[in-house]
């Protein structure tokens, strides 16, 4: 197994609050991994450490064996990590296709001087980028909305545009921060299918934060559970579902006992 | 009906107070004078040294009409009688306020009260004019009557114009009647016809060539200023409009350009008298280096902090230029005189030649700014403006691009500065006050952030209109300020807001265009 991301003993504090506390995380290449946990568990902080928004106070993060903690975010992006945001952060005044073109920025070689004189290289590069952007918009199902300014797009389309922008940089790892937040059940199902399809057709490793357990249990190969900044469980969906500490974290200490009782009762009924 | 009444009351109070204010500062008389100027061809000046009262009545009538228009309620469908009632309420309210004010002012003036101590424009002669050379009471009643009548007229007008659907429908039938001449497709076909566009460009070029010849030197001077400000605006537009960094010390780069050019070409204080075109290049270079000097330490600041620091930088440059410390280098507060002028085949540039040079440079500047905007670099700038953090996470080296924007902006300012110094043949520290930065920023904002036609339009409006308003002498800046306020309310995005580029499917992939057409 090749690890796309290998985080070891990552810690990040804000003043007196330890948002992420000595967390180890391994995301296997080609997998869909999820990070779950109650609100304020440190999921997004861990994400921000991986994508370079925060520099961890201690610990190391490797991306395909190469240490990335401490690099500027644009350098990390160049390494092949792309992300989306919990609260959608598009370039609002730009059109859909321009947002995707910005995603391709660091692959374009021509300079501003070439842009002024429209050299052949600049022209070809620009054409190629445009074709790719349109193709990506088709892929996420936004064909026909290319020229719409991002702020005018409906909510679901904005989420998909954000993914298209992230995909435009040809990432090896895609970080999705609550991709189905604010969606109705049907949209959620579409998004779930879309993420699966993404992994299968584009061979991208996906790491996501998600609150919708239906989605998480459906698509994850591996789940990591955080609570108060600590990793409390890790494993396959079925293992997590029956993990005592996870149930405690979500529902309180009494709930674990209750659920145990409930399970026993169910077995009893099953026998009777 | 109740809303009509309250709306009318509100509009009446606002217009009444505005009128009284304008009257107290003497602007109503100026307005009447202007009406008089316009209509002077037909109307002979009043008998016995009296100003024609009709002009004042026209001003009041215009006020009344606008008062009535403002009284309409936008939100709902209104019956005609309700609309007229609103207009009447507005007119009577405003008329009452104005009438009482006139009556008070008029009778106090007759009693010998001198208003000039506090309100210099309100001299007895103008008060007599405002009371139509008659009794204050009857003048007040005239105001009331006039306002009521014209406000109702205004309300009726507004009510008629609210039939927009009806107007649009009749306009549509007109269009089909004219055989689809104005159909969108045909217009776009004209614009996409290359030969036609070449003809249009040629015509515009010929017009631009002959305009300075026809204008005369006064207009060449004003339009030259406008052109220099367009160049400045283009530069600042790259910094503020595209990359979104609020730099308030833009004048520093302008000053560096002007002083570099002046010191390199003037006989005093250094006597270098370098080749002009080389000096222009060097001014641009020095300005750019100044940009680098400023940019490297501070570009990690954002928003307000950046604005404050750059504001200080602009002032520092001006103060340094006039300081004792640098007098030997810059000639201090006296400034540099007889700055070099360009030559054309041995003879010095005339104002017409200079205007042509400026036009050419503005066109080149527009071209460069346009190409940059549509490029990869331009998109990176706009992404940084929209959300810097995300732009960086998307793979844009934000620091590099912000510095680049600053340097390019500074280069434009350096060029503008060199031209400015050369045209005036003089440059002194007081040419580079904070107001220059503010003016250029206004040009960018009034025109519409990040919009190139906006910069051109903004420069004309902000540098051209104040000249046109010279007619109004003291009230120039008042009117100008009022225009700006009105504009910001009516068009908050700027006169000509930036439109993002439209990509056509066919542009990238001809096959797909066919597919779409088959579907249709």
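The values are calculated or read from the model by the stated rules, or taken from the named source; none is laboratory data. None of the values given here were measured: they were computed from a predicted structure. Because the Cβ atoms are built from the backbone with ideal geometry, glycine has one as well, and the counts that use them run over all protein chains shown.
Observations on the model:
- Residue tally, condition modelled with pLDDT of 95 or more and farther than 16 Å from residue B:424 by Cβ, over segment B:251-280: 3
- Taking segment B:283-301 as the range and being surrounded by 14 or more Cβ atoms within 10 Å (Cβ to Cβ) and either more than 30 Å from residue B:271 (Cβ to Cβ) or in contact with a helix residue (DSSP H, G or I) (Cβ under 6 Å, 6 or more places away or on another chain) (or both) as the test, the residues that pass are B:283, B:284, B:286, B:287, B:288, B:290, B:291, B:294, B:295, B:298, B:299, B:301.
- Filter result for the condition that a residue is within 12 Å of another protein chain (Cβ to nearest Cβ), within 23 Å of residue B:320 (Cα to Cα) and either surrounded by fewer than 21 Cβ atoms within 10 Å (Cβ to Cβ) or at pLDDT 95 or above (or both), over B:415, B:407: B:407
- Boolean, residue A:136 is in a helix (DSSP H, G or I) and more than 13 Å from chain B (Cβ to nearest Cβ): no
- Residue list for segment A:78-107, filter: touching a strand residue (DSSP E or B) at 6+ places or on another chain (Cβ under 8 Å), surrounded by 24 or more Cβ atoms within 10 Å (Cβ to Cβ) and closer than 16 Å to residue B:385 by Cα: A:103
- Within segment B:302-353, the set of residues being at pLDDT 90 or above and part of a strand (DSSP E or B) comprises just one member, B:336.
- Qualifying residue in segment B:390-400 (condition: more than 8 Å from every other protein chain (Cβ to nearest Cβ) and within 25 Å of residue B:444 (Cα to Cα)): yes
- Of all positions in segment B:373-386, none carries a residue that is more than 8 Å from chain A (Cβ to nearest Cβ) and over 28 Å from the mean Cα position of the chain (by Cα).
- Of all the listed residues (B:263, B:248, B:231), the sole one being touching a strand residue (DSSP E or B) at 6+ places or on another chain (Cβ under 7 Å) and either within 28 Å of residue B:333 (Cβ to Cβ) or surrounded by 22 or more Cβ atoms within 10 Å (Cβ to Cβ) (or both) is B:263.
- Residue match in segment A:41-54 (condition: more than 14 Å from every other protein chain (Cβ to nearest Cβ) and touching a helix residue (DSSP H, G or I) at 6+ places or on another chain (Cβ under 9 Å)): yes
- Filtered by the rule that a residue be closer than 17 Å to residue B:245 by Cα, outside any helix (DSSP H, G or I) and touching a helix residue (DSSP H, G or I) at 6+ places or on another chain (Cβ under 8 Å), segment B:365-396 gives a lone residue, B:396.
- Within segment A:107-136, the set of residues being more than 20 Å from residue B:395 (Cβ to Cβ) and touching a helix residue (DSSP H, G or I) at 6+ places or on another chain (Cβ under 6 Å) comprises A:116 only.
Here's the yes/no breakdown for (1) touching a strand residue (DSSP E or B) at 6+ places or on another chain (Cβ under 9 Å); (2) within 14 Å of chain A (Cβ to nearest Cβ); (3) at pLDDT 80 or above; (4) assigned to a helix (DSSP H, G or I):
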residue	(1), (2), (3), (4)
B:457	no, no, yes, yes
B:462	no, no, yes, yes
B:467	no, no, no, yes
B:474	no, no, no, yes
B:479	no, no, no, yes
B:499	no, yes, no, no
B:502	yes, yes, no, no
B:512	no, yes, no, yes
B:516	no, yes, no, yes
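- Residues being surrounded by fewer than 17 Cβ atoms within 10 Å (Cβ to Cβ) and farther than 17 Å from residue A:235 by Cβ - total across segment A:1-20: 9
- In this entry, residue B:362 is excluded by the filter for residues that are out of contact with any strand residue (DSSP E or B) (no Cβ under 6 Å at 6 or more places or on another chain), over 27 Å from residue B:239 (Cβ atoms) and away from every other protein chain (no Cβ under 14 Å).
- Qualifying residue in segment B:103-117 (condition: buried (at least 21 other Cβ atoms within 10 Å of the Cβ), touching a residue at least 24 places away in the same chain (Cβ under 8 Å) and part of a loop (DSSP other than H, G, I, E, B)): no
- Whichever residue in segment A:146-182 is modelled with pLDDT under 90, more than 12 Å from chain B (Cβ to nearest Cβ) and assigned to a loop (DSSP other than H, G, I, E, B) and, among such residues, is nearest to residue A:47 (Cα to Cα): A:181
- Per this entry, residue B:327 is counted among residues that are farther than 26 Å from residue B:459 by Cα, away from chain A (no Cβ under 14 Å) and either free of Cβ contacts under 8 Å to residues at least 12 places away in the same chain or touching a strand residue (DSSP E or B) at 6+ places or on another chain (Cβ under 8 Å) (or both).
- Some residue of segment A:107-118 being part of a helix (DSSP H, G or I), at pLDDT below 90 and facing chain B (nearest Cβ under 10 Å): yes
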